[in-house]
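> Below: one structure in structure tokens.
The values are calculated or read from the model by the stated rules, or taken from the named source; none is laboratory data. What you see is a predicted model, and the numbers here were worked out from it, not measured in a lab. Don't worry about glycine lacking a Cβ; one is built from the backbone with ideal geometry, like all the others, and counts go over all protein chains shown.
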Amino acid sequence: MSATGSDIPIRIPLSNVSITPGSKRHVLEALERGDVSGTGPQVRAFEATLQDTLGVSHVVAVNSGSSALEVVLMALGVGHGDEVIVPCLTFAAPASAALRVGATPVVVDVDEPTWTIDLELTKTAITSRTRAIIAVDLLGHPCDYTPLAELGLPIVEDAAQAHGARYKGRLTGGFGVAAAFSFHANKAIACGEGGCIATDDANLHDRVTTIVNHGMTSRRPYHHITAGTNRRMPNLVAAFGLGQVECWAHLLQRRQRVAERYHRLLSSTAAEGRPRAHWADCTTWLHAIRTPAAHRVVRACRDVGVDARAIWPPIVDSPAFAAFRTSTYPVSRAVSRETLWLPTWGDMTDEVIAEVCRPVLSVLSGP
Ligand SMILES: *Cc1c(COP(=O)(O)O)cnc(C)c1O
């Protein structure tokens, strides 16, 4: 069975990575020098370039966005008996990270105006055991960080879907005690598998660096000050990622162009884009549209080999998180039921975009 769940072969995939000339050059150089481990020079260059791009004091490259979330929770000392507040509408990595460190995910709904974590529900979910809130910048839209910060708890920003988005003019990655990014192949800035932790907190940076390096510090060899793990990003991957981060603005603009083109071609229909708060500058990850006919649109796309997909169901609908259901999550449920992604990548041609729009229009322009 194909990834779309039908027997029709995929002609147009959900995403594709743009391979920059810089990525090729850096990977070749790493290969020629034999720099392949997680301590190579391209890892340091990748971190330094991200630091400049994001305007934060510290960046630690890791092997995935999920690792970034887990390691931040470990560094905050979150564990058994603790609670971590997470949104219900998202890829499930935040809830998994909470469970992986032994904590309980407390799942709250998102709000209609932003599709990000609902502030009032978050307030009522706080208990004496709450140790962190993971705020997900969903589908390129930042969370409302000013009131979240006022709750007085550590905020972990999950910016995996929001490279280059801005909250009140400031780039994502700079909010909360730390931010997690993913560079998974389908993300806006990608290196195959990878992630990073961004923080302005020097102590947290120290703890994160130690945890991802087997609990060792660089000061004394084979001296483990904590039971760490290995979550380092390999140098070859960082070399690829470096060529992406160097083209940060260009790669994001190319995706934005695709979103604008979709918007124009589908403007005759009643389908809506994701909502946007006035304080948010969004970026495009995958272009999402909302329509009550979402399921029919996905089917029409699949029937012609276009890998459009329904977005995630509420996370509590998965067996792994069903035990943490505390509500019906009406907003997450409604948005999930009516929203789909259209194939999105930076190098998409106008012809391919038009081809994707054909089955979409056949459903949405119909009688
Ligand atoms: C993709 C994603 C992650 C996980 O990143 P990986 O690099 O795939 O582990 C975490 N959180 C969100 C919101 C994501 O979209």
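> Here are T172, T210: which of them is out of contact with any Phe, Trp or Tyr (no Cβ under 9 Å at 6 or more places or on another chain) and under 19 Å from H58 (Cβ atoms)?
T210
> Six or more apart or on different chains, Cβ atoms under 7 Å: show the pairs whose first residue is in segment 191-205 and of a type in the set (V, I, T) and whose second is within 12 Å of the ligand (Cβ to nearest atom).
Every condition considered, the pairs that remain are I197/V62; I197/A68; I197/V71; I197/V72; I197/A180.
> So L31 fits all but one of (1) surrounded by fewer than 16 Cβ atoms within 10 Å (Cβ to Cβ); (2) touching a residue at least 40 places away in the same chain (Cβ under 8 Å); (3) not in a helix (DSSP H, G or I); what number is the exception?
All conditions are met except number (3).
> State which residue is farthest from D158 (Cα to Cα) when the search covers only segment 53-67 and only residues that are surrounded by 20 or more Cβ atoms within 10 Å (Cβ to Cβ) and touching a Phe, Trp or Tyr at 6+ places or on another chain (Cβ under 7 Å).
Per the criteria, the residue is A61.
> Looking only at segment 55-75, which residues are among the small types (G, A, S), more than 8 Å from the ligand (Cβ to nearest atom) and under 16 Å from the mean Cα position of the chain (by Cα)?
Matches in segment 55-75: A61 only.
> Would you check which residues across segment 119-161 are of a type in the set (S, T, Y), under 23 Å from S66 (Cα atoms) and part of a helix (DSSP H, G or I) and list them?
Once the filter is applied, which keeps residues that are of a type in the set (S, T, Y), under 23 Å from S66 (Cα atoms) and part of a helix (DSSP H, G or I), segment 119-161 yields T122, Y145.
> Taking only segment 309-365 into account, find how many residues are β-branched (V, I, T), under 28 Å from R257 (Cα atoms) and in a helix (DSSP H, G or I).
Adding up the residues that qualify gives 6.
> Would you check which residues across segment 212-242 are assigned to a helix (DSSP H, G or I) and surrounded by 24 or more Cβ atoms within 10 Å (Cβ to Cβ) and list them?
V212, N235, V237, A238, A239, F240, G241, L242
> Would you check which residues across segment 121-171 are in contact (Cβ under 8 Å) with a residue 40 or more places away in the chain, within 16 Å of the ligand (Cβ to nearest atom) and in contact with an Asp or Glu (Cβ under 7 Å, 6 or more places away or on another chain) and list them?
I134, A135, V136, D158, Q161, A162, A165
> Here is a further query. Counting just the residues of segment 37-96 that are charged (D, E, K, R) and not in a helix (DSSP H, G or I), which one comes out farthest from A185 (Cα to Cα)?
Here the residue is D82.
> Filter segment 266-315 down to residues that are within 22 Å of R254 (Cα to Cα), among the β-branched types (V, I, T) and within 16 Å of the ligand (Cβ to nearest atom), then give me how many there are.
The total comes to 2.
> Something else about it: Name the residues in segment 259-311 that are out of contact with any Pro (no Cβ under 9 Å at 6 or more places or on another chain), surrounded by 17 or more Cβ atoms within 10 Å (Cβ to Cβ) and of a type in the set (A, V, I, L, M, F, W, C), would you?
Answer for segment 259-311, where residues must be out of contact with any Pro (no Cβ under 9 Å at 6 or more places or on another chain), surrounded by 17 or more Cβ atoms within 10 Å (Cβ to Cβ) and of a type in the set (A, V, I, L, M, F, W, C): A259, L265, L266, A271, W285, A288, I289, A293, A294, V298, I311.
> State all residues of segment 190-205 that are more than 16 Å from the ligand (Cβ to nearest atom) and either touching a strand residue (DSSP E or B) at 6+ places or on another chain (Cβ under 9 Å) or part of a loop (DSSP other than H, G, I, E, B) (or both); if no residue qualifies, say none.
T199, D200, D201, A202, L204, H205
> With the structure loaded, tell me whether L14 is at pLDDT 95 or above and either closer than 22 Å to F181 by Cα or touching a helix residue (DSSP H, G or I) at 6+ places or on another chain (Cβ under 8 Å) (or both) or whether it fails that test.
Against the criterion (at pLDDT 95 or above and either closer than 22 Å to F181 by Cα or touching a helix residue (DSSP H, G or I) at 6+ places or on another chain (Cβ under 8 Å) (or both)), L14 qualifies.
> Considering each residue of segment 84-103, count those that are surrounded by fewer than 20 Cβ atoms within 10 Å (Cβ to Cβ), of a type outside the set (A, V, I, L, M) and more than 10 Å from the ligand (Cβ to nearest atom), and give that number.
2
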